[in-house]
Amino acid sequence: MDRNIKLIFSFFMLIILISLAGFYTSYISHLPNFSHFPLLIHLHFIGFVGWFVLLIIQPILIAKGKWRLHRSLGKTAYVLIPLLIISILLLVLQQTEREFEYSIEKALMTSFIGFIDALSLGVYFTIAMMNSRNQRWHVAFIIACSLVILNPGMSRLLNQIHSGSGLLAAILFPILVSFSILIFEKINYQKPILKSPYLLFLGCWIAEILLLMIIPRTDFWKNFVLAILQ
């Protein structure tokens, strides 16, 4: 297996392990008795697992030169990503309704995080698919999608270890990953930083953080969320 594909495969495996560990206590540990969970939770988890299966299989198919099968299996993502986006929005809506009863500020923050996660997941996936024949850009934004998908599980896991550390990690980890790849490509392959897809992702992520610091505190967002909840 090519060195770069090994690195990508190892990174995806790390994402999968962290995500599953984050949801072990709240969901996976209840296996096989899932009857007390609503259908939406199951559909959400199926979307996650389906994406994780693709993350494992697709690099292996590339390494073996099975491009046709790689492209065929990749089409399942056109079902998985919309499933994840819709389930994220619905679950966040339910959580926002619950939080509004005791903390409006927390509810507004929760709703915006869910909204921006769903939006960014859709945008990154669109960029990845539009560049399906440009391997560097395609892989870069598959990684971007996977970092968005990783955040809920990683946040849960770290909050179990140290309360409050999950949000900070969710903010900083994508910055660390994209910056590290930028430096790695520059040092090892002399890739121009200004033309890198990872720079675009880094810029988008920083913009999301700035919006997170501003939008949930505005009357516009409060009125928007109230209108949705009514």
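Suppose we keep just the alpha-carbon trace of region 1-129; what are its Rg and Dmax in angstrom?
In order Rg, Dmax, the Cα atoms of region 1-129 give 17.0, 55 Å.
Quick check for me: using +1 on Lys/Arg Cβ and -1 on Asp/Glu Cβ, what's the dipole size of the chain about its Cα centre, in debye to the nearest 20? Kindly include the intermediate steps, with their values, before the conclusion.
Working: 17 positive and 9 negative charges, 229 e Å.
Using Cβ point charges on Lys, Arg, Asp and Glu, the chain gives about 1100 debye.
When the Kirkwood radius is taken over all Cα pairs of region 146-230, what Stokes-Einstein diffusion coefficient follows at 4 °C and 1.567 mPa s, in µm²/s? Intermediate results must be reported in sequence, preceding the final value.
On the way: Rh = 15.0 Å.
This corresponds to a translational diffusion coefficient of 86 µm²/s.
Mind checking which of GLN160, ILE149, VAL92 is farthest towards the positive end of the chain's charge dipole, using Cβ charges of +1 (Lys, Arg) and -1 (Asp, Glu) about the Cα centre?
So the residue furthest toward the plus end is ILE149.
Percent of accessible area on the chain owned by carbon and sulfur, 1.4 Å probe?
On the way: 8960 of 12910 Å².
Result for the chain: 69 percent of the exposed heavy-atom area is carbon or sulfur.
Mind checking which lysines have their C-alpha under 19 Å from LYS106, skipping anything on the same chain fewer than 8 residues away?
Qualifying lysines at Cα under 19 Å: LYS222.
Check cross-link reach from LYS66 to the lysines: straight Cα distance under 18 Å, and skip same-chain residues fewer than eight apart.
Excluding near neighbours in sequence, the set is LYS6, LYS75.
Can you compute the FRET efficiency between LEU69 and THR25 using 1/(1 + (r/R0)^6), with r the Cβ-Cβ distance and R0 = 30 Å? Round to the nearest 0.05. Could the numbers behind the result be given before it?
Details: r = 36 Å, r/R0 = 1.20.
Once the sixth-power term is evaluated, E becomes 0.25.
Would you work out which of SER120, GLN230, ASN188 lies farthest towards the positive end of the dipole of the chain? Charges go on Cβ: Lys and Arg +1, Asp and Glu -1.
Farthest towards the positive pole: ASN188.
With the radius of gyration and the Kirkwood radius both derived from the Cα set of the chain, what is their ratio Rg to Rh?
Details: Rg = 18.3 Å, Rh = 18.8 Å.
Here the Rg-to-Rh quotient is 0.97.
Kindly point out which whole DSSP H helices in the chain project their C-alpha atoms 27 angstrom or further along the helix axis while averaging a Kyte-Doolittle hydropathy of 1.6 or above.
On the way: long enough: 3-22 (29 Å, 1.79); 39-63 (37 Å, 2.21); 77-99 (32 Å, 1.39); 104-130 (39 Å, 1.37); 135-161 (37 Å, 0.80); 165-189 (34 Å, 1.64).
Counting only whole DSSP H runs, the qualifying helices are 3-22, 39-63, 165-189.
I'd like to check one number: the per residue accessible area of region 58-172, probe 1.4 Å, reported in Å² as a whole number. If you can, show how the numbers build up before the last one.
Values: 6020 Å² over 115 residues.
Value for region 58-172: 52 Å² per residue.
The values are calculated or read from the model by the stated rules, or taken from the named source; none is laboratory data. Quantities reported herein were computed from a predicted structural model and do not represent experimental measurements. All Cβ positions, glycine included, derive from the backbone under ideal geometry; neighbour counts span all protein chains shown. Side chains are part of the model used for accessible areas, which takes the heavy atoms of the whole protein and leaves out ligands, DNA and RNA. Shrake-Rupley method; radii C 1.70, N 1.55, O 1.52, S 1.80 Å.
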